[in-house]
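Presented below is the structure to which this report refers.
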Amino acid sequence: MLQTFLHKRCNELIEAAIHYVNNDLKYLSNKEISIQYDIKNAIKFNAQSVFHQDKYSLIFYSEFFDRIYGAFNTLLYKENITFYHVVSFGKEKYDEDKAHRYLDILFDLACRLIINHELGHIFNGHLKYKKHYGQSPVMYMNEDKNDLSPLVSQVLELDADAFAATRSIGFMTYDDNIAEFNKLRPNLIQNKSHAFLLTVVAAVIVFSIQGLGKKRDNPNLLQIKYLPLRTRQDYYLRCAINAHKTMNSNEPLAFDIYFLREVVPNIEQYLNLYNHHVLGFDPDEYSSKNNRDELNTIYLEHCDTLDSFWEQNMREGLKPFSYFPPA
């Protein structure tokens, strides 16, 4: 069960995310969408977006938020100075107040990823699209409940990830937001590359909590409904880079996807150590060394195939149901 202060913060984040997207929609079309939401107290890694009786709703489960906060709270202890150096973008001396500030930022960014992913299913028209074709107008994180065909399911999940990545970058690299953060503590966010890196750290922890490093068998890419997590995380990072280039062309990133592919296993390993020492998971079962083949050429090229499939087979079909023009 979420602690009171976390429950309050999660409610604020959900409402802020809905408001943020609705502001964009109102600017574009002078309308807004009413979306209800609920946080259920359950030990369950899941979230849902629902379209029922012409009304939208979001359902989240408290375990995700609990695990996210617990992980960042532990990783930012003074004893884990190397993680502090990653998020502070330098080698400065540990500062407990700044560590708490980074905890707040990273928790917010991680929660926004989950929230905005579900909002992506709504605002990109996925639920109405499913209903139009006679399927249940619900998007689950649980593959067993997903009634879509594998390729369509993979495409819609990547589309929602792209929506979440774009929203996170838009929020975190916005000049006014960076200025507000730096009012809390001077130089808390050094520049836009630092802001971008914090979104990367938050994303890697979210994907890791979902089981990024959990040992698993190689899948048949044409039969599964959700891409392997390493492949999906890589796609998310590429979307984030593209969003940054579009929004911040005057301030290029200090790194590219090839650099990030070298760095993210080190960030992931912090969460795996948390899994081992705090949660007691077996070190061989959760490791950044597991599932590295999910970044092989065949997986990355499959993402290109999905992009083509979306463009050729789904873009026009989704357009009538999307609240924003498809990319």
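The values are calculated or read from the model by the stated rules, or taken from the named source; none is laboratory data. On a predicted model such as this, the values are computed, not experimentally measured, just so you know. All Cβ positions, even for glycine, are placed from backbone atoms using ideal geometry, and neighbour counts span all protein chains on display. Note: accessible area is taken over every heavy atom of the protein model, side chains too, but ligands, DNA and RNA are not part of it. Shrake-Rupley method; radii C 1.70, N 1.55, O 1.52, S 1.80 Å.
Diffusion coefficient of the chain by Stokes-Einstein, Kirkwood radius over Cα pairs, 20 °C, 1.002 mPa s: 106 µm²/s. Calculated FRET efficiency, Leu103 to Ala179, Cβ-Cβ distance, R0 = 25 Å: about 0.75 to the nearest 0.05. In a fully extended conformation the segment linking His85 and Lys289 would gain 71.2 nm over its present Cα-Cα distance, using 0.36 nm per residue. Report summary: the helix-based calculation at 222 nm, which adds -39500 (n - 2.57) for every DSSP H run with n ≥ 4 and divides by the residues of the chain, gives -19500 deg cm²/dmol.
DSSP loop (so not H, G, I, E, B), at most 13 other Cβ within 10 Å: list which chymotrypsin sites (Phe, Trp or Tyr not before Pro) in the range 43-121 pass both filters. Passing both the DSSP loop test and the Cβ count: Tyr77. The base-10 log of I(q)/I(0) for the range 218-327, evaluated at q = 0.16, 0.24 Å⁻¹, reads -0.95, -1.32 [Debye formula, identical scatterers on Cα atoms, solvent excluded]. Could you tell me what percent of the accessible area of the chain is made up of carbon and sulfur, with a 1.4 Å probe and every protein chain present? C and S atoms contribute 50 percent here.
Give me the 1.4 Å probe accessible area per residue for the range 116-249, excluding ligands and nucleic acids, in Å². Value for the range 116-249: 36 Å² per residue. Its residue count N sets the reference 2.2 N^0.38 Å, and the alpha-carbon radius of gyration of the range 105-209 equals 1.27 times that reference. Note on the range 139-288: Rg/Rh from C-alpha atoms, Kirkwood Rh, equals 1.01.
Computed with a 1.4 Å probe over protein heavy atoms only, the accessible surface of the range 1-112 comes to 52 Å² per residue. Residues considered: Met172, Met139, Met314. Largest GNM mean-square fluctuation over the chain, using C-alpha springs under 10 Å, is found at Met314.
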